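The values are calculated or read from the model by the stated rules, or taken from the named source; none is laboratory data. Since the structure is predicted, the reported quantities are computational estimates derived from the model, not experimental observations. Don't worry about glycine lacking a Cβ; one is built from the backbone with ideal geometry, like all the others, and counts go over all protein chains shown.
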Amino acid sequence: MANDYSVAIHNYISDKIAVAEKNIKISESENDLGSLRYYQGQLMELKDIRGYMAEKIDLKTQRYF
C-alpha cells in the first residue's frame with residue numbers, strides 16, 4: 001500500500017499542474033508572453049518534482065498519474 005502522505009503530495013502536485021496548464025491556455029489566448037513563460041516554468045518544475053517522487057520515493061508498484 002502506498003504511503004498516504006505520498007498520495008496526498010501527488011494529488012496536490014496534480015492539482016497544481018492542472019491549474020498551470022489552464023493558465024498556460026489563458027496566457028496563450030491573451031498573448032501574454034510574460035505569464036506564459038512563468039506558467040511554463042512552473043509546469044516544468046512541478047513535473048520534475050513528480051518525476052523525482054515517482055523515481056526515488058514511491059513504491060515501484062504504485063502509479064498516481
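The figures follow:
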read-out	value
Qualifying residue in region 50-65 (condition: out of contact with any strand residue (DSSP E or B) (no Cβ under 7 Å at 6 or more places or on another chain), at pLDDT 95 or above and loosely packed, with under 14 Cβ neighbours inside 10 Å)	no
Any hit, region 17-29, residues being more than 8 Å from the chain's Cα centre (by Cα), hydroxyl-bearing (Ser, Thr, Tyr), at pLDDT below 95 and in a helix (DSSP H, G or I)	no
